[in-house]
Amino acid sequence: MSELTGKELIAWRTARFFQDGNIVNLGIGMPTKCLDYLPEGVDIWIDTENGAVGLTGAPKPGEDFDPNVVDAGGRPSLLRVGSACFDSFRSFGFIRGGHVDITVLGAYEVDKDGSLANWMIPGKAAAGMGGAMDLVTGSRITIVMSTHTDKTGSPKLVEHTEYPLTGYKCVDYFISELAVIHFTEAGPVLEEISRNTTVEEVLSKTGTKLILPEKIGILEDAK
Amino acid sequence: MGVDDAVAKYCFSGMTVMLPGFVNVGVSETLIDAVLRTDITDLNVISNNTSIKGRGIGKLVHEDRIKHITCSHIGNNEETCAKVVAGEINITFVPQGSLCEKVRAGGAGIGGILTPTGVHTPMQDGKQLLEWDDEKGEYKFVKADEPQRGKRFILELPLHADVVFVHAWKADTFGNVVYRRTSRNFNEAFATAADHVIVEAEHIVEVGELDPDEIMTPGFIVDAVVQGRVLTEA
């Protein structure tokens, strides 16, 4: 059982989706926190869309590194034994071709069908989508890890997105500090809630209807 | 050939130039510096991003040499973002995987590619959409607002350039290239899709020193090899 809260809890729960040997692409920022909470006995391979599988993270101060190895944010990284490097078109071939098991990334909004908006806010300068559109389209499982509401308290999970989409019906799971929501053919299912909340609170902070199964799990009890 | 000679021979104002690289790695910084020593401007750049401020493609941004850029991301360079907002640089965003495939198609003589990436996003605006009809076993063109019945794809057209600056780790004097680690990124595809291919190599070796099986870009498509500086920081 996890004693964590907030973003640490979200990262911990997200990492519970990883299975031994999975190829996982973690978005820049919060998703990389998942690496701090890998389940015992689970060893994953980090995919970086700029052309490698097997990244292990930034070199420690004073540690030798090759400046030719960078992560998807352009920062120096190390490669583990057994890793492979390849060109960008093969990298995205692997991504669109379903060879990446899990993509984890953040969101501005997710709608009831699991369509994701995370690259552009109308009226604001856009940095560009980078590889996100390909990743959410091609990965076997797409997980959005996010606070349940934004800074103004508005739900991240909405009926219809206000912002332009990154991907259409592409999100499989939405994981927040309050809940795990699974997008199914029937609609979004509230599969787990945190023991620090209630179904009523989750529903009040969610901008679309959720399907309530007979048994709703406790997020902190995930194995 | 000297780096300034190569730029003088193949580059011109208004050219479409492919600048492969990912943030700061795999970018032909020596060739870009040589362009900055000339008056060449109004560049139509095809790249994945624009390095960081003060490095590589970021220097072309800083000196206002770029008219239009086709790329997937500019978030690493706040100066590019500001110039795009100010209308000083025109930008076309393309998803990173689609960018690779458009260039690969351009270099491989393919008329376009069908990708599921970007369907139902702003990336489909102004592009042709195809949907697979499983019963008939054929594609048909569809409009964006038609209800979706089968797997849908965007028809992305090929990209081609006048010149490409390729960043090699090792190259022989004939132009055979080996890339290193993630500096390989867009270089391999982009090297195939320009009228003239200039290779900037960190290390230049004699013909015969590279094993034919390790060569990632063959020398027969390369026009010039110039000495580049060795990458010491990412």
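Once label points are set 7 Å from the Cα along Cα→Cβ at both A:T198 and B:F220, what is their separation, rounded to one decimal in nm?
7.5
What FRET efficiency would be calculated for the residue pair B:L36, B:A144, taking the C-beta separation as r and a Förster radius of 60 Å, to the nearest 0.05?
On the way: r = 42 Å, r/R0 = 0.70.
Result of the calculation: an efficiency of 0.90.
What shape does segment B:1-49 have by the C-alpha gyration tensor, where a ≥ b ≥ c are the square roots of the eigenvalues, rounded means a/c under 1.5, and otherwise prolate means a/b greater than b/c and oblate the rest?
Oblate, since a/c reaches 1.5 and b/c is not below a/b.
Could you check which residue among B:V205, B:V27, B:V197 shows the biggest mean-square fluctuation in a GNM of chain B with a 10 Å Cα cutoff?
B:V205
For the cross-link pairs B:K9/B:K67; A:K60/B:K59; B:K59/B:K170; A:K156/B:K127, which exceed 23 Å when the distance is taken from alpha carbon to alpha carbon?
The pairs that break the limit, which is 23 Å between Cα atoms, are A:K60/B:K59; B:K59/B:K170; A:K156/B:K127.
Can you list the HN-Hα couplings for segment B:196-204, worked out from phi with the Karplus curve (6.51, -1.76, 1.60; θ = phi - 60°), rounded to whole Hz and with x for Gly and Pro?
For segment B:196-204, the Karplus curve yields 10, 10, 10, 9, 9, 10, 5, 9, 9 Hz.
Just to verify a number: FRET efficiency for A:D64 and A:K7, C-beta to C-beta distance, R0 = 35 Å, to 0.05? Each step should come with its number before you reach the end.
Details: r = 32 Å, r/R0 = 0.91.
Between A:D64 and A:K7 the formula returns 0.65.
To the nearest Å, what is the center-to-center distance of segment B:75-132 and segment A:29-79, using C-alpha atoms only?
After rounding, the separation between the Cα centres reads 27 Å.
How many nm is it between the label spots at A:E40 and A:E162, if each spot is 7 Å from the Cα in line with the beta carbon?
The answer from the label model is 4.6 nm.
What residues have an amide H closer than 5 Å to that of A:G131, excluding those fewer than 5 places away on the same chain, when H is modeled at 1.01 Å from N in the peptide plane?
Hits under the 5 Å cutoff: B:Q96.
Could you give me the ³J(HN,Hα) list for segment A:163-168, computed from phi with Karplus coefficients 6.51, -1.76, 1.60 and θ = phi - 60°, whole Hz, x at Gly and Pro?
8, x, 6, 9, x, 9
For B:66-74, what's the mean count of beta carbons from other chains sitting within 10 Å of each residue's beta carbon? Provide the component values of the computation, followed by the final result.
Details: counts 0, 0, 0, 0, 0, 2, 9, 10, 5.
The mean count of partner-chain Cβ atoms within 10 Å per residue comes to 3.
List, in order, the whole-Hz ³J(HN,Hα) value for each residue of segment B:157-167 obtained from phi through the Karplus relation with A = 6.51, B = -1.76, C = 1.60 and θ = phi - 60°; use x for Gly and Pro.
Going residue by residue, I get 8, x, 10, 9, 10, 6, 9, 10, 9, 9, 9 Hz, with x marking Gly and Pro.
Of the listed peptides A:156-165, A:99-108, B:97-106, what is their order by residue-averaged count of other C-beta atoms within 10 Å, with the highest listed first? Can you show the working numbers first?
Details: A:156-165: 18.2, A:99-108: 22.2, B:97-106: 26.3.
Highest mean packing first, the order is B:97-106, A:99-108, A:156-165.
If each residue's Cβ is checked for other Cβ atoms within 10 Å, how do A:F65, A:F183 rank with the fewest at the top?
Details: A:F65 15, A:F183 23.
Sorted ascending by nearby Cβ count, the order is A:F65, A:F183.
How many angstrom lie between the C-alpha centres of segment A:144-223 and segment B:172-190?
45
When Cβ neighbours within 10 Å are restricted to other protein chains, what is their mean count per residue of peptide B:174-186?
Numbers: counts 0, 0, 0, 0, 0, 5, 5, 12, 20, 8, 10, 12, 6.
So the per-residue partner count for this stretch is 6.
Within a 10 angstrom radius of each residue's Cβ in A:131-142, how many Cβ atoms of other chains show up on average? Whole number is fine.
What the average comes to for A:131-142 is 5.
Bear in mind these aren't lab numbers, they're just calculated from the coordinates by the rules spelled out. Owing to the predicted nature of the structure, the values given are computational and were not obtained by experimental measurement. Every residue, glycine among them, receives a Cβ derived from its backbone with ideal geometry; neighbour counts consider all protein chains shown.
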